[in-house]
């Protein structure tokens, strides 16, 4: 990779180095292209290695992506299985998740290579700002993804699936379809109930797995599942690729939305909107955040909207707090740089 050589190392008086001047470190267009090519080779090479390694764990990652939905279905006493409506859907989802996982794990390495290329063209104070707030940006990104995966997504799935499956059948001739009264029998049940699979089974045996909410049978030496659905008007048949798309979109939206404090800090520091003005327009910003949350969330449902709006309000206040802590010396430095 090309390395720029400074044109002068000492000041005009021959004793003290001059302040940093990008003109002293000029690179030709060919040098820039060579540097870019080298960084891209390193970034893509690292990604390729991670991609190969991710193929060995792709099925586990897909299952982990589906874990919130499986738990939501189980909590609503519904068969914990997804469906695929196309022959290659399972394979395409596996490839997609593998590529996304490799990109997520390799993001620090790729970002480092990009930074090494960009940093050469920045002033020292600009590099200082990036290195100071980059850890905060990464932390906010990871926090947003963890927040949606462990809190918002499970809550939304349980609510929406439960609401849909609780809608009753139409009245009229179906009013007499009351559920039988449960009684205790002294003889063995026709269908066994197990928290998992029984220790032994004969061909044709049928049992109910209370752990996964599945009716199972043992045929041809293998356990097969008999689909159980809701007894009400609606029953979920959730497509694998559609669900994975919702999860990926949610992770991306929440991760990027959690960068709001840095956006507020930048707006205040640059002077686009004064800090006092940011405080005065709180109510308008809160309303705008609620509208934006309703638009950008994948399902556009109320739980997801609230799950994004509430933390964004707190993150907006965090941005104002960070802007308030800005040292006076940095304000002057930024003004001199702008001048």
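The table that follows gives values for the structure above.
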quantity: Residue 56 under 22 Å from residue 95 (Cβ atoms) and loosely packed, with under 15 Cβ neighbours inside 10 Å; calculated: yes
quantity: Qualifying residue in the stretch 207-228 (condition: farther than 19 Å from residue 67 by Cβ and under 32 Å from the mean Cα position of the chain (by Cα)); calculated: yes
quantity: Residue under evaluation residue 98, criteria (1) surrounded by 15 or more Cβ atoms within 10 Å (Cβ to Cβ); (2) within 30 Å of residue 32 (Cβ to Cβ); (3) at pLDDT 90 or above, criterion not met; calculated: (2)
quantity: Odd one out for residue 37 among (1) in contact (Cβ under 8 Å) with a residue 60 or more places away in the chain; (2) assigned to a helix (DSSP H, G or I); (3) more than 15 Å from residue 241 (Cα to Cα); calculated: (1)
quantity: Among (1) out of contact with any strand residue (DSSP E or B) (no Cβ under 6 Å at 6 or more places or on another chain); (2) farther than 30 Å from residue 98 by Cα, the one test that residue 295 misses; calculated: (2)
quantity: Cβ pairs under 6 Å, 6+ apart, first in the stretch 137-157 and in contact (Cβ under 8 Å) with a residue 40 or more places away in the chain, second surrounded by fewer than 19 Cβ atoms within 10 Å (Cβ to Cβ) and not in a helix (DSSP H, G or I); calculated: 140/259
quantity: Candidate set from the stretch 146-162 (those that are surrounded by fewer than 17 Cβ atoms within 10 Å (Cβ to Cβ) and within 15 Å of the chain's Cα centre (by Cα)); member that is farthest from residue 74 (Cα to Cα); calculated: 146
quantity: Tabulated pairs, the stretch 255-282, first free of Cβ contacts under 8 Å to residues at least 12 places away in the same chain, second assigned to a helix (DSSP H, G or I), C-beta under 7 angstrom, 6+ apart or interchain; calculated: 273/267
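The values are calculated or read from the model by the stated rules, or taken from the named source; none is laboratory data. What you see is a predicted model, and the numbers here were worked out from it, not measured in a lab. Positions of Cβ are generated from backbone atoms using ideal geometry, with glycine treated the same way; all protein chains shown enter the neighbour counts.
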